[in-house]
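Where a number appears in this text, it was derived from the coordinates with a stated rule and is not lab data. Since this is a predicted model, take the numbers as computed values, not measurements. We place every Cβ from the backbone using ideal geometry, glycine too, and count neighbours over all the protein chains shown.
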Amino acid sequence: MPLTLTEKKDRTIVLAGNPNGGKTTLFNALTGLRQKVGNYPGITVEKKTGTFVLNGADITLIDLPGTYSLSPRSEDARVAAQVLKGEPFPDAVLCVVDGNTLERSLPLVLQIRALNLPTLVLINMADELKKMGTTIDLKEMERRLSLPVFTISAKTRQGFPDVKRWLSEKLKEDSCPSFPVSRPHISPLTTEDLRRESKAIVQAVVRNGRSLHAFSAKVDKVVMHKVAGPLLFAGVVLVVFQAVFSWAGPLMDLIDETIRLLGLGVGGLITNDFLHSLVVDGVIAGVGGVVVFLPQILIVFFFISVMENSGYLARAAIVMDRFFSKIGLQGKSFLPFISSYACAIPGIMAARTIESRRERLATIFVAPFMTCSARLPVYALLIAAFVPAVPVVKGVIGLQALALLALYVLGFLAAILTAWGFNSTVMKSDKTPFHMEVPPYRWPPLRGTLLLLWDRSKVFIRQAGGVILLVNVALWFLASYPKSAGPEPVKESYAGQLGVMIEPLIKPLGFNWKIGVGLIGSQAAREVIVSSLSTIYSIESDQNSVALQDALRQDLTPLSALSLLVFFALAMQCMATTAVVRRETGGWKIPVVQFFYMNGLAYTAALVVFQGGRWLGFQ
Amino acid sequence: MKTKKLSELSVGEKGIVFAVEADAVLSDQLLELGVGVGEELSFYGKSPFGDPMVIGLMNYKLAIRKAEAAKIILRDVGPNFKNEANHATDAH
């Protein structure tokens, strides 16, 4: 039975288009801060939605993954096709097309046209087209497509009022309900048909100006150069690592000081011993111990976002393809890997662009080895406690940044060796094809970058105020009770007993029961080890705040700290990632094997480091 | 007619696709990206280690492995005077 408009409460508009077409920039421009990530109904695939207001009503906007066609060859295209063809039908489709690459983009538009949904074609990059002197005959294009066509610039917001006018008219048409959409059975279009029609349209409507690629060609002379290219990449990496330690410093001090004052201020107000300890030791010391690392995490996200949006990562992916193809991965694996340096979850989802299932699974399997931002607090804390802050090359790079870099390299090597091992044993197969668009260099959209940083801050704070807070309050309770008058009250608490219980297992790695308590907590999320140690030390000391680094030096030797770092570099301690791997691979097999493989490797490597180090005479 | 594989082109040369000797799936994938019979392709530049190669077509750039490029047969191969890679060092 067809639904009437009044029964249908949510209005949904879908954004579709090729990768690199500016779809996400338009999405960000329209929705701003009102974005969220959720699941598509029926299919368990994450989608990006946002809302914007049109004539006083909230409209839902769905940002589809960028694809070249609706033929379900990659996971991304499958998702796009499912949303466009599935129910409930979207109320309108905005087809975003890069005006510079009209001929390659039109086949997708023609496929979407065949779905008979209310569709508006948006020729994006109007500012670039004007600069290059390219003109498009819109009237003729509309006639040939039988679809309305507008030019816009998602970057400069040119043409937005026209789009909104069109949308409000489409969504108002009460006389013409959107259900049921008539979909006459048309013979499926072959790729060759689509190409022929696109070519004819482009020949009739486009007058090409100067090429957009002239500037990119100059930049590529350096970036894709045999010597200069890798040197530049190394330089970029060094800047990122140095920035994580030096730029973040002042902000971190500020947060640290605020938390300390908060602890003192709030602590002074609470006279009840129980509440005082809960708030000061459990909440402020624990959560504060993690929140302080936010600036460093944002710096990592910032650099990755700029590299991706400028077109630099695409080049790096192409360069890496030659090497990756030898170990059962491919150039497109590079983007998921770099994303995983921020967080493995978007990284694993970014593997959807890889057409070959085997290469996609291999990419997903090793991606969590990349040093995600949750490992950063652990690394930063231990490095600050055990590695002196001295410059290696004065003014360029310090020893601490270099130590951090070494840990990042360790994770990367573990991923590469794992992929290589699998490729030469269980997952052996022939090379699959690889081809990838090389977008022109563009300035990364400032708005998009800021939105990302804002979003990541929210996620991080929510995590700190959610999972970490809960685990920590539980830990505070377990570490405070039963009350004991002995010399080591925490050791005799429930948490202490638990730590003592697993001590035989972790002693060979150089960890005592306190680290053991932190390790148990870190199974929920890696950064919990920082908050739980912070709480334990806070309960132990009578003062309101303790220097976490000083306390750590009591419990770890430099060698056992190194062992702990190696353990964290290799271990799989993130339930959220395991859940996403299960969803993306469609079963428990890969996540379970991954969990035991990574943790087994972490334990073995830490054991080798600690015992080997001792044998060599290190402390 | 004289033909040449795409993988045998030198940087700055172009040609017109004469045939794509790949299986149906790969042919269709390439066609979606514009690599089909009659299309003009130019060799834009090599990646630092020689493979993949970057080609220009339909006013955009595509990276493609040499193994795949060897399946694309070109006709009318000759120098590409419009190639931006050549122009990049020119005064304008």
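The Cα center of region A:98-173 and the Cα center of region A:471-522 differ in position by 62 Å.
If I fit a long axis through the Cα atoms of helix A:558-570 and take the longest principal axis of the Cα atoms of chain A, what angle between them do I get, 0 to 90°, rounded to 10? That helix lies at roughly 30 degrees to the long axis. Computed from the Cβ-Cβ distance with R0 of 45 Å, the FRET efficiency linking A:ASN272 to A:ARG165 stands at 0.15.
Take peptide A:434-445, look around each residue's Cβ out to 10 angstrom, count Cβ atoms belonging to other protein chains, and average those counts.
Values: counts 7, 13, 8, 5, 11, 2, 2, 0, 0, 0, 0, 0.
Taking the mean over all residues of the peptide, I get 4.
Measure nothing but the geometry: give the 0 to 90° angle between the long axis through the Cα atoms of A:160-172 and the longest principal axis through the Cα atoms of chain A, rounded to 10°. The two axes meet at around 80 degrees. Scoring A:477-489, A:574-586 by mean Cβ neighbours within 10 Å over their residues and listing the highest first yields A:574-586, A:477-489. Restricting region A:319-401 to chymotrypsin sites (Phe, Trp or Tyr not before Pro) that sit in a DSSP loop and have at most 13 other Cβ atoms within 10 Å of their own Cβ leaves nothing. Relative to the longest principal axis of the Cα atoms of chain A, helix A:213-223 runs at roughly 30 degrees. Centre-to-centre separation between the Cα atoms of region A:339-394 and those of region A:402-466: 7 Å. Ranked by the mean number of other Cβ atoms within 10 Å of their residues, highest first, the peptides A:439-451, A:159-171, A:97-109 fall in the order A:97-109, A:439-451, A:159-171. Per-residue 3J(HN,Hα) values for region B:33-47, derived from phi via the Karplus relation 6.51 cos²θ - 1.76 cosθ + 1.60 with θ = phi - 60°, read 8, x, 7, x, 4, x, 7, 8, 10, 10, 8, 7, x, 8, 7 Hz in sequence order (x marks Gly and Pro).
Each of A:ALA217, A:GLY587, A:LEU231 was placed along the dipole of the protein assembly as shown (beta-carbon charges, centred on the mean Cα), and the one lying farthest toward the positive end is A:ALA217. Distance from the alpha carbon centroid of region A:72-93 to that of region A:214-257 works out to 38 angstrom. Between amide H atoms placed 1.01 Å from N, distances below 5 Å from A:SER522 occur with A:ILE529, all of them 5 or more places distant or on a separate chain.
The modelled label-to-label distance between A:GLN203 and A:ALA57, using points 7 Å beyond Cα along the C-beta direction, is 4.4 nm. Within 10 Å of the Cβ of each residue in B:45-58, the mean number of Cβ atoms contributed by other protein chains is 6. Within 10 Å of the Cβ of each residue in A:334-340, the mean number of Cβ atoms contributed by other protein chains is 0. Note on chain A: with charges restricted to the Cβ of Lys and Arg (+1) and Asp and Glu (-1), its dipole about the Cα centre is near 1800 debye.
Provide the packing ranking of A:416-425, A:608-617, i.e. peptides ordered by the mean count of other C-beta atoms within 10 Å per residue, highest first.
On the way: A:416-425: 16.0, A:608-617: 14.1.
Descending mean neighbour count gives A:416-425, A:608-617.
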